[in-house]
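Enquirer: I am attaching a structure below and will ask some questions about it afterwards.
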Amino acid sequence: MHLVKSLRACSPSERALVLASFFLVTAFQSSYFIGIIGYATYALGAGPDLVSLLTLAYNAATFLGSIAAGILIDRRGPRQVLLASLAGGICLALFAWAVPLSPLMLMTSSCLFSLAWSVSSGTLSSFAPYLTQEGERLKQLNGLIDTATSVSVVVGPAIGGTISAASSTSGVFAFMAASLGAALACAVACKELPGARQAGERDDGPLPKATLREFGEGLRVTLSSRDLRLILAMCFFGFFAFGAFDALESVYYRDVLRLDASWMGWLSMVAGVGCTLGSLALLRIPRRQVSLRLLATTLLVEGLGAMLYVGTGKPWCAVLGQLVLGVGNGLSVPVEHTLVQERCEIGQLGRVSSVIRMGIMSSGIVPLLLAPLLADRLGAQSVLFAASTTVAIVALAFLLRLRVRRAE
């Protein structure tokens, strides 16, 4: 009932953004993990090395896409960027559906999907202040957006797993194109507040030439704020160890849990249920409790959930762990978005958000490279459990730091 009440309180543009978020995330959740990583692991028999290479290419493209997205959002507003990225994503999905996948095509598809995803998802973390600038409404809208994306993490993998089991992994890309088409239709109805985009505009010089200067400005703004520095540190160090999952998670499914490719969808769906529960919880949390301490607590929940997920090698424990991990993630994302949006001017939001996203993406590069080497010696499960424990320890360290800061 609280969810329905929150949706009714939204303006037409806000509801359209929530729906666009649902269809956008459903499209990528149904396709990338199964269509790219799953195909490499099961159809091509890939080991950690190829999976790591695919993920590294994905992260590198995300790195570049996040920089471009932040600059474009501040220049043109999130609506234009979202529409363009969705149109590009539809073309990519149809291309991946029509062209047979080889290792080279997998690499190309991974990079192109990463670019489309990093740009389009970047608008989701920046769009809310362009529709409302009132504190409580901002928190509610971020919560609704993340609730929609969390439901997508249930629906998307379930549809992808069903398609994979019933036909072939390439079929997920046809569904992806259809879902992105629905997101595009909803995005057209998203209308920014009068004057909001003008507040965020910058000079219209060539994008490649302005990239370093504009990114440097976003980094300067982030590092000049005590709270934004701490949020960036939490995102970077908190997600550092999760890079190991990018390299080894699909191998863990195949070799430890001994489950087929469709289970990559089913277990991701369970995580989506947890994400939905976490996002719904934020709608009931008073605004005064949305704090840095809450962000660190959600990171601790994610670490503990990951430990349960990979700790035993038993499918039922993996299901429970994914659920707990999802709850932490579903709460942490809108909390982080709300905290960032409230701590920087709207004209700088796109670039600051891209700095935070790049902190998350770049943090996993070292574990991603080291994980295959460690897995050869210790086994995939041992490496994943060590990585999960590291996340929990880092979260505890941040909670202690915040307690000391509060006492100062």
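Bear in mind these aren't lab numbers, they're just calculated from the coordinates by the rules spelled out. Just so it is clear, the model here is predicted, and its values are computed rather than measured. Cβ placement follows ideal geometry from the backbone for every residue including glycine, while neighbour counts extend to all protein chains displayed.
Enquirer: Suppose R0 equals 30 Å. What FRET efficiency, 1/(1 + (r/R0)^6) with r the Cβ-Cβ distance, do GLN80 and MET105 give to the nearest 0.05?
Expert: 0.50
Enquirer: Hey, another quick one. Based on alpha-carbon atoms only, what is the radius of gyration of the chain relative to the globular estimate 2.2 N^0.38 Å?
Expert: In units of the 2.2 N^0.38 Å rule of thumb, it is 0.92.
Enquirer: Moving on to the next point. Kindly put VAL340, VAL335, VAL273 in sequence by how many other C-beta atoms sit within 10 Å of each C-beta, fewest to most.
Expert: VAL273, VAL340, VAL335
Enquirer: For ARG405 and GLN133 in one chain, what is 0.36 nm times their gap in residues minus the Cα-Cα distance, to one decimal in nm?
Expert: The ARG405-GLN133 span can extend by a further 95.0 nm.
Enquirer: Treat the count of other C-beta atoms within 10 Å as a stand-in for reagent exposure and order THR123, THR312 from fewest to most.
Expert: THR312, THR123
Enquirer: Separation between the ARG258 and LEU7 pseudo-spin-labels, each 7 Å from Cα along Cα→Cβ, expressed in nm?
Expert: It works out to 4.3 nm between the two label points.
Enquirer: If you rank LEU300, LEU282, LEU369 by fewest surrounding Cβ atoms within 10 Å, what's the result?
Expert: Sorted ascending by nearby Cβ count, the order is LEU369, LEU300, LEU282.
Enquirer: In addition: State, as an integer percentage, the relative contact order of the chain based on alpha-carbon contacts under 8 Å between residues 6 or more apart.
Expert: 27
Enquirer: Taking 0.36 nm per intervening residue step and subtracting the Cα-Cα distance, what contour gain separates ASP227 from ALA165 on full extension?
Expert: 17.7 nm
Enquirer: Convert each backbone phi in region 327-340 into a coupling constant with the Karplus relation 6.51 cos²θ - 1.76 cosθ + 1.60 (shift: θ = phi - 60°), then list the ³J(HN,Hα) values in order as whole Hz, x for Gly and Pro.
Expert: For region 327-340, the Karplus-derived couplings read 4, x, 5, x, 8, 5, 5, x, 5, 4, 4, 5, 4, 5 Hz, x marking Gly and Pro.
Enquirer: Still on this structure, I have one more. With +1 on the Cβ of every Lys and Arg and -1 on the Cβ of every Asp and Glu, and nothing else charged, how large is the dipole of the chain about its Cα centre, in debye rounded to the nearest 20?
Expert: Rounded to the nearest 20 debye, it is 920 debye.
Enquirer: Right, next: Gain in length, ASP376 to ARG343, computed as 0.36 nm per residue apart minus the alpha-carbon separation, to one decimal in nm?
Expert: Full extension of this stretch gives 7.5 nm more.
Enquirer: Before anything else, pin down the relative contact order of region 284-408: Cα pairs under 8 Å, at least 6 apart, normalised by residue count, whole percent.
Expert: 37
Enquirer: Treat every Asp and Glu Cβ in region 1-157 as -1 and every Lys and Arg Cβ as +1, leave all other atoms uncharged, and give the resulting dipole magnitude about the Cα centre to the nearest 20 debye.
Expert: Dipole size: approximately 400 debye.
Enquirer: Another one. Counting pairs of alpha carbon atoms under 8 Å apart in space and at least six apart in sequence, what relative contact order in percent does region 277-338 give?
Expert: The value is 46 percent.
Enquirer: Which whole-Hz couplings ³J(HN,Hα) result when phi for each residue of region 348-359 is put into the Karplus expression 6.51 cos²θ - 1.76 cosθ + 1.60, θ = phi - 60°, listed in order with x for Gly and Pro?
Expert: For region 348-359, the Karplus-derived couplings read 10, 4, x, 6, 5, 4, 5, 5, 5, 5, 5, x Hz, x marking Gly and Pro.
Enquirer: When the helices in the chain are scored as -39500 (n - 2.57) per DSSP H run of 4 or longer and the sum is shared across all residues, what 222 nm value do you end up with, to the nearest 500 deg cm²/dmol?
Expert: Result for the chain: -27000 deg cm²/dmol, rounded to the nearest 500.
Enquirer: Once label points are set 7 Å from the Cα along Cα→Cβ at both LEU94 and LYS191, what is their separation, rounded to one decimal in nm?
Expert: If labels sit at LEU94 and LYS191, their model points lie 3.0 nm apart.
Enquirer: For region 379-388, what does the Karplus curve 6.51 cos²θ - 1.76 cosθ + 1.60, with θ = phi - 60°, yield as ³J(HN,Hα) per residue in whole Hz, taken in order and with x for Gly and Pro?
Expert: Whole-Hz 3J(HN,Hα) from phi for region 379-388: x, 4, 5, 5, 5, 5, 5, 4, 5, 5.
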